[in-house]
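Colleague: Below: one structure in structure tokens.
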Amino acid sequence: MRYRIRIITLVLVCALLAVALWTAKSAWYPDGIRPDTPEEAVQPVASEVSSPSPSGQDPWADPVNPAPAAETVPSPEETPASDPLFNTFGL
Amino acid sequence: MRKHSSFRSRVFVLLLVLFAAAFLLPASRTGSPVLYMLAAAVPVVMLLLLFLPAGLFSLDRSSLSAALSLCGFGMLAAVYISPDETLSQGMRCIAALFFLAFGAVLVRAFRPSVPAAVLPALCGLALISFPLWLPSVSFSLAEGGMALLLFAVAAFLSLRQYFPALSASLVGTFLLLLGQDYGTAVVWGLVSVLVFWTGSDSLLWSGISLVSSAGLFAILTGFVLPVPDAAPGMLSRIAAMPLIPPETIAEDSAGFGSPESLYFLLGEQYGLVFLFCALLLLIALLIRGASLALHTRKSFHASLSLGIVLLLGLRALLFLAAAAGLLPVAPGAFPFLTSSAPDLFAHFFLLGLLSGVSARNDADLEEDARLAMLAH
């Protein structure tokens with residue numbers, strides 16, 4: 001019985017690690033070539049992106065000192081171009 | 001033994017520090033007081049839960065710390081949805097501890113007998129068939145049903161009642177297939193066959209269980225039930241995950257609400273390496289369960305422990321395989337890392353059963369030490 005338990009556990013753990021590594025490899029190297037940036041992989045469809053807050057309000061906003069709402073879209077020179085934090089949390 | 005326990009203590013302290021830092025990261029970015037509170041509260045609550053209930057109910061600290069860490073990962077993933085969802089996930093984990101204690105007490109108090117095994121079998125089958133009685137209900141109680149059914153099958157096998165054990169297994173598989181929960185049916189089929197192979201001393205009965213399970217699958221899926229549509233898999237979502245936590249918070253592209261969403265949220269916000277660490281935690285839990293099965297004295301406890309290891313491990317394997325598109329089924333719930341309350345309660349119930357076996361092992365060792373002392 002103990003021999004069988006060891007065999008089963010070993011096979012299970014190896015299968016888990018194998019599937020996990022295979023998934024990571026398949027996702028990152030679909031054709032054997034790694035994309036330069038994650039954006040070059042398949043993009044999620046815009047309609048599938050769900051807003052973290054259906055009401056459109058920032059769920060983590062400080063109720064005491066709410067951040068002022070931006071009236072215009074900030075220009076790339078004013079905000080870091082690659083930082084969605086500002087867009088997401090309305091800072 | 002002391003070296004191992006001090007190593008485990010260090011690993012757990014490291015995990016607590018990690019959780020504090022992981023909650024402080026979004027807290028420092030957003031300035032949210034709730035996140036600062038969670039950064040302090042989550043490690044403290046985990047520490048309290050590890051020592052107070054564990055001491056009270058003689059729970060296995062190794063497996064409990066792994067499960068609590070996975071629950072903490074679930075809360076980390078929910079952080080990027082809303083504060084309410086984070087607190088709800090925390091409440092679900094704390095409520096699940098009741099089932100953990102129940103499982104531990106059940107194993108310690110249970111004495112295998114045929115009438116005592118029939119009750120969990122019937123309860124398990126009732127939970128598994130729940131969607132057939134109420135098809136409008138969106139949640140499933142199959143995980144809890146399988147846990148109770150496993151308990152009954154292990155009890156029947158320890159009493160060498162192979163026919164009731166086989167009947168309970170096959171009826172469970174049949175009900176799962178009838179409810180078109182193919183993934184869970186595959187998991188239960190494999191668990192029952194492997195537990196039969198390990199728990200029964202008869203190759204004949206092991207062969208009968210294998211042939212009957214395979215035959216049931218072939219007949220129902222081949223002639224009676226509709227073939228499931230090929231699921232698209234989620235390789236695209238996995239491909240979009242960074243390797244390490246990104247400098248900025250990723251937009252929520254995973255959506256929220258399905259049982260598997262916490263797993264993908266964790267990967268998108270903290271990276272693949274973090275996700276792999278969660279998998280390693282689960283593997284540590286499975287190895288601990290197998291170790292308990294190897295050191296137990298009674299075949300009931302050994303079959304039960306192995307069955308729990310298989311239920312959790314095969315559930316995780318099914319999740320990963322379905323996410324990779326290898327299987328045409330929904331991923332379902334990753335063990336302990338799910339927003340589905342019934343599944344989380346069932347997983348903690350299984351952990352409680354494992355803790356009960358560990359407590360029995362320790363009691364047997366103490367009895368041996370006492371007898372050895374008396375002999376001298």
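Colleague: Report the net charge of residues surrounding B:LEU351, where surrounding means a beta-carbon distance below 14 angstrom and charges are Lys +1, Arg +1, Asp -1, Glu -1. Please report the intermediate quantities before stating the final value.
Modeller: On the way: positive: B:ARG61, B:ARG288, B:ARG315; negative: B:ASP60, B:GLU143, B:ASP343.
Once positives and negatives cancel, what remains is 0.
Colleague: Fewest to most neighbouring Cβ within 10 Å: what's the order for B:LEU177, B:LEU306?
Modeller: B:LEU177, B:LEU306
Colleague: Here's something else I'd like to know. Amide H neighbours of B:GLY325 under 5 Å, at least 5 residues apart or on other chains, H built in the peptide plane: list them.
Modeller: B:MET234
Colleague: Provide the gained length on full extension for the span B:LEU178 to B:ASP201, in nm with one decimal, where the gain is 0.36 nm per separating residue minus the Cα-Cα distance.
Modeller: Full extension of this stretch gives 5.2 nm more.
Colleague: Now a separate question. Cysteines without a disulfide-compatible partner in chain B, using Cβ under 4.7 Å as the rule?
Modeller: B:CYS123, B:CYS277
Colleague: Set the Förster distance to 22 Å, then compute FRET efficiency between B:PHE98 and B:LEU122 from the Cβ-Cβ distance, nearest 0.05.
Modeller: 0.50
Colleague: Pull out a ≥ b ≥ c, the square roots of the eigenvalues of the alpha-carbon gyration tensor of segment B:103-225, then state rounded if a/c is under 1.5, prolate if not and a/b is larger than b/c, and oblate in the remaining case. Please list the in-between numbers first.
Modeller: On the way: a/c = 2.32, a/b = 1.17, b/c = 1.97.
Since a/c reaches 1.5 but b/c is at least a/b, the shape of segment B:103-225 is classed as oblate.
Colleague: Ranking B:LEU216, B:LEU132 by Cβ neighbours within 10 Å, fewest first, what do you get?
Modeller: Lowest count first: B:LEU132, B:LEU216.
Colleague: For chain B, what does the alpha-carbon gyration tensor say about shape, rounded, prolate or oblate, given a ≥ b ≥ c as the root eigenvalues, a/c under 1.5 as rounded, and a/b over b/c as prolate? Walk me through the numbers before you get to the answer.
Modeller: Working: a/c = 2.07, a/b = 1.18, b/c = 1.75.
Judged from the Cα gyration tensor, chain B comes out oblate (a/c at least 1.5, b/c at or above a/b).
Colleague: Using each residue's phi in segment B:356-367, evaluate 6.51 cos²θ - 1.76 cosθ + 1.60 at θ = phi - 60° and report the 3J(HN,Hα) Karplus result to the nearest Hz, with x for Gly and Pro.
Modeller: Result, rounded to whole Hz: x, 5, 4, 5, 5, 4, 5, 5, 5, 5, 5, 5.
Colleague: For segment B:194-208, take each phi angle, set θ = phi - 60°, evaluate the Karplus expression 6.51 cos²θ - 1.76 cosθ + 1.60, and give the result in whole Hz per residue in order, putting x for glycine and proline.
Modeller: Taking θ as phi minus 60°, the curve returns 5, 5, 4, 4, 7, x, 9, 8, 10, 5, 4, 5, 4, x, 4 Hz for segment B:194-208.
Colleague: Per DSSP H run of at least 4 residues, take -39500 (n - 2.57); add these up for chain B, divide by its residues and hand me the 222 nm value, nearest 500 deg cm²/dmol.
Modeller: Values: 15 runs with 287 residues, N = 376.
It comes out at -26000 deg cm²/dmol, rounded to the nearest 500.
Colleague: Summing Lys, Arg as +1 and Asp, Glu as -1, what charge do residues with Cβ under 14 Å from the Cβ of B:GLY103 carry, B:GLY103 excluded?
Modeller: Taking every Cβ under 14 Å from that of B:GLY103, the sum is 0.
Colleague: Another question about this same structure. May I ask you to sort B:PHE319, B:PHE99 by Cβ crowding, counting other Cβ atoms within 10 Å and putting the fewest first?
Modeller: B:PHE99, B:PHE319
Colleague: If I model a spin label at B:VAL44 and B:ALA369 as a point 7 Å from the Cα along the Cα→Cβ vector, what separation in nanometres do I get?
Modeller: Here the modelled spin labels are 3.4 nm apart.
Colleague: Each residue of segment B:29-44 in order: what ³J(HN,Hα) in whole Hz does its phi give by Karplus 6.51 cos²θ - 1.76 cosθ + 1.60, θ = phi - 60°, with x for Gly and Pro?
Modeller: 6, 9, x, 6, x, 5, 5, 4, 5, 5, 4, 8, 6, 4, x, 5
Colleague: Under a crude label model (7 Å from the Cα following the beta-carbon direction), how far is B:VAL13 from B:SER28 in nanometres?
Modeller: 2.2
Read-outs throughout are calculated quantities, based only on the coordinates presented, and are distinct from any laboratory measurement. Every value quoted in this text rests on a predicted model; they were computed, and no experiment measured them. Cβ atoms come from the backbone with ideal geometry, glycine included; neighbour counts cover every protein chain shown.
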